[in-house]
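Below is one structure, written out as structure tokens; comments come after it.
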Amino acid sequence: MRAMLLEAARRPLREALVQTPKPGPGELLIQVRACGVCRTDLHVADGELRHPKLPLVLGHEIVGTVAEAGAGVDRFAPGDRVGVPWLGWTCGECRFCRTARENLCERARFTGYQIDGGYAEYTVADARYCFALPRGYDDAEAAPLLCAGLIGYRALVAAGDAERLGLYGFGAAAHLVAQVARHEGRRIFAFTRPGDTDGQRFAKELGAVWAGGSDAAPPEPLDAAIIFAPAGLLVPAALRAVEKGGTVVCAGIHMSDIPTFPYDILWGERVVRSVANLTRRDGEKFLRLAPAVPVRTTAEPFPLDRANDALERLRSGRMRGAAVLLPHATA
């Protein structure tokens, strides 16, 4: 099968012919129909997330069809459409797993990091961590739901019942969570890279009441803010923007260092917190909610051999919505 391989950090992915994997007990062999390109993939490829399996097939927003089921699988059958997320395996035994916090499992393994992912024609996944996908989404539309949507949803829950919600970085995750937030009656204030008028227009098209650069103050205080951009300097900016009692949620898996800031912008029972990974329960809840909203994804397709182009578009901030690889498409 064809796959795009990461062989070392900070090097372009290499297209290669590799052996199609075989599913073991409890696993599915999945023919990949679409795989979203996530900022986490950039963090792995750029060496910001250390110690990945190498060589590695990136990609953890996988939509595919079950080609073969391993021994003991009773959830899915050949021909079923499934989604594969970032969380690929947990131990079920540590104190986090035993208290419904499998996202913090001490021995967790992640798709496209320790487990080969979806930048390939086929992948293997533990059936217990795969999701049935809602109808009404084609493969490319469904792929971003599996991380941008899931992590965005977990971050939204962490933000509490905030009515005035700031979103810093209006990319794949923000464009999905904005739709859920509006469905819940919240008002969205979108922050983009300074001068990104296209991104600000996109946010307003999705219902933001205000959109501006991340160097600007919103027209009124916020109740909460979610930071999707991996820039630590946005934490003090968001703290200044939220009212007393407000929450700032850092939603990325990696962020540059947070600069020092005066205590008075934290005082007043403001909270800074992170979200980490996801649980299967998060996935099940969000994938039921998405078609009810309905959440609509904006996805730009790329053939598999243009994975490096898709990553570079994401790195440069020139992506409207989400990039999605289609392994069986041609340029």
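If you go through segment 143-180 and pick out every residue that is among the aliphatic types (A, V, I, L, M), part of a helix (DSSP H, G or I) and surrounded by fewer than 24 Cβ atoms within 10 Å (Cβ to Cβ), you end up with 3.
Here the condition is being on the phi > 0 side of the Ramachandran plot and in the same structural domain as Leu234 (by TED's automatic domain parsing); of Gly185, Gly212, it holds for Gly185 alone. Just so you know, in segment 109-125 the residues that are small (Gly, Ala, Ser) and not in a strand (DSSP E or B) include one that is farthest from Trp86 (Cα to Cα), and it is Gly118. In contact (Cβ under 8 Å) with a residue 60 or more places away in the chain, among the small types (Gly, Ala, Ser) and under 22 Å from Asp257 (Cβ atoms), is that true of Ala159? No, not satisfied. Put simply, of Asp264, Asp257 the only residue that is out of contact with any Gly (no Cβ under 9 Å at 6 or more places or on another chain) and not in a strand (DSSP E or B) is Asp264. Kindly indicate whether Val295 is touching a residue at least 12 places away in the same chain (Cβ under 8 Å), of a type in the set (Val, Ile, Thr) and in a helix (DSSP H, G or I). Answer is no for this residue.
If the Cβ limit is 8 Å and pairs must be 6+ apart or interchain, which residue in segment 114-125 that is in the same structural domain as Gly64 (by TED's automatic domain parsing) pairs with which residue that is among the basic types (Lys, Arg) and surrounded by fewer than 24 Cβ atoms within 10 Å (Cβ to Cβ)? Listed by first residue and then by second, the contacts come to Gln114/Lys53; Ile115/Lys53; Ile115/Arg109; Asp116/Lys53; Ala120/Arg2; Glu121/Arg2; Val124/Lys22. Looking at Leu28, Leu58, just one residue is surrounded by 21 or more Cβ atoms within 10 Å (Cβ to Cβ), hydrophobic (A, V, I, L, M, F, W, C) and over 20 Å from the mean Cα position of the chain (by Cα), and that residue is Leu28.
The values are calculated or read from the model by the stated rules, or taken from the named source; none is laboratory data. Predicted model, so just to flag it, every value in this text is computed and none were measured. When we count neighbours, we look across all protein chains shown, and the Cβ atoms used for this are built from the backbone with ideal geometry, even at glycine.
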